[in-house]
Amino acid sequence: MSDPHKFLEIRHAQKAYGQLEVLKDISMTVDRGEIVAIIGPSGSGKSTLLRAINDLDPLTSGEVILDGVQVNKDLPHRQYEKHINQMRQQVGMVFQHFNLFPHLSVRDNVTLAPKMLKGISDAEADKLAEQQLAHVGMSERIDYYPSQLSGGQKQRVAIARALAMNPKLMLFDEATSALDPELVEDVNLVMKRLAEEDMTMVIVTHEMDFAASVCDRVLFMDGGVVVEEGPPDVIFKNPTQERTRAFLSKHLSNVQK
Amino acid sequence: MGLDFSVVPGFLDTILLGGLWTIAVTVASALLSFFGGILLAVIALYAPLVIRLPFRFFAWLFMGTPLLLQLFLIYFGLVELGIDLPAFVAGVIGLGLHFAVYSSELIQTAIVAVDKGQMEAARTLGLSRGQSLRRIVIPQAVRDVIPPIGNNMIALLKDSALVSVIGVSELTLSSQLAIGRTYRPFEFYATAAVRYYFINLGMEAVLRRIERKTALSR
Ligand SMILES: Nc1ncnc2c1ncn2[C@@H]1O[C@H](COP(=O)(O)OP(=O)(O)OP(=O)(O)O)[C@@H](O)[C@H]1O
Ligand SMILES: [Mg+2]
């Protein structure tokens, strides 16, 4: 269980929508504290793979194992629901479009799940909200509603909401690609800070600079397979696969080249 | 003979009491229709077929037949089955269920229209499907149907006059009683109309308040 390697392990992940094979036998591991970027063209299956990790998009076949426990266990419906809710509490997820709860204040967005699932008191919840929001630089907005926030602020609240459950793994699906360029950096800073705190993270991103500066390892996906993976230096500067090179030539900024 | 409104103040008690009964019937039926509407919507969307079907039949019954007939059935008809409800209760049940069916249609549509990302975000945090519906999806759906449900509630206020036929001495029936004694139908029906109008204004004010309060939460 405490093996820092294979903290997250995906074995032979396959996913099909009817005839369309979206994931074709993908296996990968993530170490504890490691930060892995998944890059690749649109439609290559990045989101599908990420969402399979907390079983939001169940795999057709294959296994997801987190800290020694299989996430997508084969259980009778009721037991499975209990099990998966338990597993999901340990995995934070951040979406491209934030998905904040618009009918709840920033404070309640952050504390709803801990209150409901961990039974913490109102006082503890307030403290938790203050802590988590301070962490993402959103303390002054604690009593605002999501509709009163900018995109970058919404995304930072969404990160605080996920962190409030004290997850051992964080998943990011293009967390900054719906943001105005000038707001991207605020969110990136929060993610960098998490990286420094040794959070284990899997990050789907189109921002190559960010991947290069923050991640320990980069996976390049295309057509439902992992074409190539390695440290950012190798993937971005000396990729071995032609498909990787072709993709990067279109997506690397001048700084990187 | 001309109009003579000076007879009206003599029936102040009757008039006030009638107005209060109308408000009581309307508020009680509105609450029943609101919570009943949510419950019916959840059943229609998520319950297994064996439960859903009888409820579908029930909805059809309440939408496809006159409210007047439903009130007769509940007040007079149920007596034969040994269920003898006070007129007020029978009236509230009839009005409440009738409008619950209409509200449920609105709420169903609104539940389906809530962004899928809301359920996903809630499930991702570890909430169960039921918890996510209760705390995330349904509150947003309800918020979205406040304006049309408000219109339904105004219709409910007007239809509350129908419970006069089963003997609830609300606004309309109490006016009729006063008319029986004075033979002044115009004066008392006009007074009744004015009272409905003011209750209506009150309801609209409450609705606008609710809408203002929920404006931030979209
Ligand atoms: N619910 C679904 N039903 C059918 N096909 C789907 C569904 N979800 C995704 N797909 C298909 O699966 C493929 C992979 O989708 P996915 O969202 O994982 O790609 P992605 O790499 O995240 O792309 P992007 O960079 O555009 O987000 C696409 O061809 C997509 O059309
Ligand atoms: Mg995607």
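Here, each number is a calculation from the coordinates, and none is a lab measurement. Quantities reported herein were computed from a predicted structural model and do not represent experimental measurements. Please note: Cβ atoms are built from the backbone with ideal geometry, for glycine as well, and neighbour counts cover all protein chains shown.
Working from Cα pairs under 8 Å separated by at least six residues, relative contact order for the stretch A:2-143 is 18 percent. Our summary gives the stretch B:142-218 a relative contact order of 34 percent, counting only alpha carbon pairs under 8 angstrom and 6 or more residues apart. Cβ crowding within 10 Å, taken as a proxy for footprinting-reagent exposure, orders B:Arg208, A:Arg107 from fewest neighbours to most as B:Arg208, A:Arg107. In plain terms, the residue of B:Val114, B:Val89 with the fewest other Cβ atoms within 10 Å comes first and the most crowded comes last, giving B:Val89, B:Val114.
Beyond a 32 Å Cα-Cα separation, which of these cross-linked pairs lie in this structure: A:Lys82/A:Lys154; A:Lys127/A:Lys168; A:Lys73/A:Lys115; A:Lys24/A:Lys115?
In this structure, A:Lys24/A:Lys115 lie more than 32 Å apart at Cα.
Summarising the strand pairing of the protein assembly as shown, around 55 percent of its internal DSSP beta bridges are antiparallel.
Sites listed here are GluC sites (Glu not before Pro) in the stretch A:103-199 whose DSSP assignment is loop and whose Cβ has at most 13 other Cβ atoms within 10 Å: A:Glu197. Note on the stretch B:5-216: with charges restricted to the Cβ of Lys and Arg (+1) and Asp and Glu (-1), its dipole about the Cα centre is near 640 debye.
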